Amino acid sequence: MVAPKRMKFGVFMAPFHRVGENPTLALDRDLELLQWLDTLGFDEAWVGEHHSAGWETICSPEVFIATAAERTRHIRLGTGVISLPYHHPYMVANRMVLLDHLTRGRVMLGVGPGALASDAYMLGIDPKRQREMMDESLGVIMRLFTENDPITHKSDWFELHDASLQLKSFQQPHVPVAVASVQSPAGVLLAGKHGASVISLSVPRDLVRKTTLKDQWAIAEESAAEHGKTVSRDNWRLSVGLHLAETRKEAFDDIRVGAGRVVTEYFGNTLGHEVPDVPADQVVDYMSENNQWIVGTPDDCVAGINRLLEASDGFGGLLIRVEDWAPRDKIMRSYELLARYVMPQFQGSLVGIETSNQWAAQIKGDLQINRKAGLQAAADSYVANNSKLD
């Protein structure tokens, strides 16, 4: 197992907002959350692109990121993800480079084929071609990022004629690129091909796919070697559902209703995905017991991350899937507990503090003798000085 020296912590903001809520206020809560994460010291946030089905309501991650960037100072902001078949690759590259300059290098480009079948249907895109289109588009985007000579490329769905970016990336050598991996091996294959990062958007389970986390990374490494590229575990991120509270009972009670709603109402009833065959109020128990979500106390979270490190042989970043599954104060408190008690365990920030604490405890006896001797000397000096005055 390869544990990073400093694990990155962030969020994957699809986001998920239940149908029936005020959508404007929901977007405000998303922005407010990013401001809170910036204050807490989270490393990054990835913002999704969706156009249908009613729950995931951000249609342009670039516009959302531009807004969020003005309200935050440090947190890095990524597209999680831009669905490449929906866009001309030249425009994707241009918009990201513009954001790169406007944010002074705080943006990342995350790409995917498009997650919602309803989005592709509305746009008249053949689902069988989405991953092929993503591959072609990303290849052109990487050339635009890295080459200075004009590019000509003719496809059956876009064209470039002597094209180049007049504004180059603020970050060097270019805007960081990550590829989403959900159910098929296409994502990790493409990441390896271009030497990009990987975002695994869910923990593999037998009902959904047959590959393990270790299998995913092996595919990425093999693809990278085949194309003369390299991939780094430090830039491999896993996205999981997570909620913390002071006690395990409180954590489960916080999200019992909301977790059941998002899984049954959205993933099951709206999207038609296979979901756990349990009552809605037991979904959180099922997902936690089967290591799909991390729910409990900060100590439970530390144990859960260590299980993921063991199952994957090592990864570099943990992304919490943003959910509206509890009251606002409970959600904000969960992220605070993560930042205060979990993140330091995986970022090396406690080493000096713990060492100093242990050292002081080991010599406390001698230190107390010295302290008391100092106090006695001060007292004796006071008495002696006052007796002379008398």
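All of the numbers you see were taken from the coordinates with simple rules; none came from a lab. Predicted model, so just to flag it, every value in this text is computed and none were measured. All Cβ positions, glycine included, derive from the backbone under ideal geometry; neighbour counts span all protein chains shown.
Per-structure values
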{"item": "Ordering of 169-179, 355-365 by packing [mean C-beta count within 10 Å, highest first]", "result": "169-179, 355-365"}
{"item": "The chain - share of DSSP beta bridges that are antiparallel (%, nearest 5)", "result": "10 percent"}
{"item": "Proximal lysines to Lys193, defined as alpha-carbon separation beneath 19 angstrom and excluding residues fewer than eight positions away on the same chain", "result": "Lys214, Lys229"}
{"item": "Proximal lysines to Lys372, defined as alpha-carbon separation beneath 21 angstrom and excluding residues fewer than eight positions away on the same chain", "result": "Lys364"}
{"item": "Sum of -39500 (n - 2.57) over DSSP H runs of 4+, divided by residues of the chain (222 nm, nearest 500)", "result": "-14000 deg cm²/dmol"}
{"item": "Option label - Rg and Dmax of the Cα atoms in Å computed here, alternatives (i) 25.4, 106; (ii) 21.0, 62; (iii) 22.2, 68", "result": "(i)"}
{"item": "Cα long-axis angle, helix 328-337 against the chain (0 to 90 degrees, to the nearest 10)", "result": "60 degrees"}
{"item": "Euclidean distance of C-alpha centroids, the range 93-164 and the range 26-52, integer Å", "result": "23 Å"}
{"item": "Listed peptides 244-255, 184-195, 375-386 by packing density, highest first (mean Cβ within 10 Å)", "result": "184-195, 244-255, 375-386"}
{"item": "Candidate lysines for bridging to Lys249, where Cα separation is under 16 Å - those fewer than 8 sequence places away on the same chain excluded", "result": "Lys330"}
{"item": "For the range 1-154: rounded, prolate or oblate by the Cα gyration tensor [a/c cutoff 1.5]", "result": "oblate"}
{"item": "Principal-axis tilt of helix 213-226 within the chain, Cα atoms, nearest 10 degrees", "result": "60 degrees"}
{"item": "Alpha-carbon centroids, the range 308-325 and the range 233-271: separation in whole Å", "result": "12 Å"}
{"item": "For the range 64-140, alpha-carbon Rg over 2.2 N^0.38 Å", "result": "1.20"}
{"item": "Beta bridges per DSSP with both ends in the range 140-276, % antiparallel, nearest 5", "result": "30 percent"}
